[in-house]
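What follows is calculated from the coordinates using simple rules that are stated; it is not laboratory data. These numbers come from a predicted model, not from an experiment. Here Cβ is always computed from backbone atoms with ideal geometry, including for glycine, and neighbour counts include all displayed protein chains.
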Amino acid sequence: MITVRDLHKEYLVSEKGKGLGGTLKSLFRNEKKIIGAVNGLDFHVNKGEIVGFIGPNGSGKSTTIKMMTGILTPTSGEVLIDGRNIARYRKETVRKIGVVFGQRTQLNWDLRLEETFELLRRIYQIEKKDYLDILEVMDSILGIGELLDKPVRQMSLGQRVKGDLTAAMLHSPKVLFLDEPTIGLDAGSKYALRKFIKEINTIRGTTVILTTHDLGDIQELCERLIIINNGVMMDDGNLSEIVERIAPYRTLTVEYYDSIVPTHPKAEILSAADNVVRYKFMKRELTAARLISDLSSLHPIRDVGIEEAGIDDIIRIAYAKTVQS
Ligand SMILES: Nc1ncnc2c1ncn2[C@@H]1O[C@H](COP(=O)(O)OP(=O)(O)OP(=O)(O)O)[C@@H](O)[C@H]1O
Ligand SMILES: [Mg+2]
């Protein structure tokens with residue numbers, strides 16, 4: 001469906017010296033330097049996948065999304081949509097994709113929402129029936145119907161994002177690119193948006209590439225994660241595989257009847273206070289049942305709790321790893 005091959009993007013930026021002196025100097029001397037935002041990305045996305053495309057700020061996600069959607073031309077390398085190079089066959093491939101940037105609207109501020117949709121319908125030459133069908137779907141998932149008469153400039157952020165999503169879906173794209181779609185949305189709007197992503201993926205088989213800094217989005221939506229940093233690939237795989245690789249441990253919290261701290265040769269003590277001891281152990285070496293039984297044979301146990309590494313731990317560790325390398 002989508003193939004990215006040895007993709008690079010360099011930006012030419014003005015270089016300014018440090019401080020006010022530097023700023024003043026750069027007014028007279030125009031020194032430029034090249035920065036590599038995307039430095040050789042390779043991956044393939046199959047039809048029907050929901051892929052979380054994640055990485056720290058400035059890691060090159062938006063730049064990559066822009067190249068995948070034909071908004072930016074790569075410095076080198078290529079993006080194929082259904083086997084066709086998007087930069088070369090822009091007109092025909094662009095019909096297969098939809099894109100939404102959470103930070104920026106593609107709707108016309110001066111028009112009512114429905115007028116923008118009508119305009120898009122003509123641009124993409126969408127049959128009236130298909131157009132009404134998709135509006136109905138979008139109404140049932142996102143309640144777009146009640147927003148149709150509203151001028152775009154009067155819309156709240158959440159309403160505007162719903163409008164943008166509908167605009168991106170009108171021509172029934174096979175792939176939907178979403179760059180931070182949930183940014184700034186309240187819990188209810190986030191819920192609606194995630195529901196929308198799941199439903200178009202299941203009902204219409206739409207492939208979704210999603211960038212987000214929201215751990216809830218990742219956990220609820222993305223089976224596969226592509227993690228990048230400094231414009232290069234750091235990890236690519238199933239969320240559960242990545243969790244297994246990055247955090248192959250669990251934490252066991254044990255409450256004893258008094259302030260004793262029993263040790264175990266295969267478990268590390270993370271903390272001990274108020275009769276409660278937290279143990280960290282490798283899943284491969286030890287089962288929780290074994291650890292509990294070993295500890296309880298040393299000292300009577302009042303209560304236990306087991307925790308897997310959370311998605312926030314995983315992301316923190318993955319990003320820290322990428323910064324070092
Ligand atoms: N138009 C531009 N001109 C020059 N440099 C740019 C431009 N757009 C992005 N960059 C630089 O390219 C790098 C990657 O930026 P990009 O916007 O792709 O990151 P990102 O992963 O989307 O970050 P964020 O999570 O903050 O959205 C950054 O160093 C950024 O400063
Ligand atoms: Mg970005």
Inset, instruction - Treat each spin label as a single point 7 Å out from the Cα along the C-beta direction, and report the Ser271 to Glu92 distance in nm. - result: 6.1
Legend entry - Leu132-Tyr11 pseudo-label distance in nm [points 7 Å out on the Cα-to-Cβ vector]: 4.6
Legend entry - Stretch gain in nm, segment Glu241-Arg153, where the contour uses 0.36 nm per residue and the Cα spacing is subtracted: 27.3 nm
Inset, instruction - Distance check, please: which entries in Lys198/Lys283; Lys18/Lys61; Lys96/Lys150; Lys96/Lys162; Lys96/Lys195 exceed 24 angstrom between their Cα atoms? - result: Lys198/Lys283; Lys18/Lys61; Lys96/Lys150
Inset, instruction - Any chance you could check the Cα centroid distance between the stretch 135-181 and the stretch 21-70 for me, in angstrom? - result: 27
Legend entry - Distance in nm between pseudo-label sites at Trp109 and Ile317 (7 Å out along the Cβ direction from Cα): 4.6
Legend entry - Net charge contributed by nearby residues that have their C-beta within less than 15 Å of Pro300 (K/R +1, D/E -1): -3
Inset, instruction - Please work out the Cα center distance from the stretch 209-232 to the stretch 272-325, rounded to the nearest Å. - result: 25
Inset, instruction - May I ask you to list the trypsin sites (Lys or Arg not before Pro) in the stretch 29-87 that are in a DSSP loop and have at most 13 other Cβ atoms within 10 Å of their Cβ? - result: Arg29, Lys47
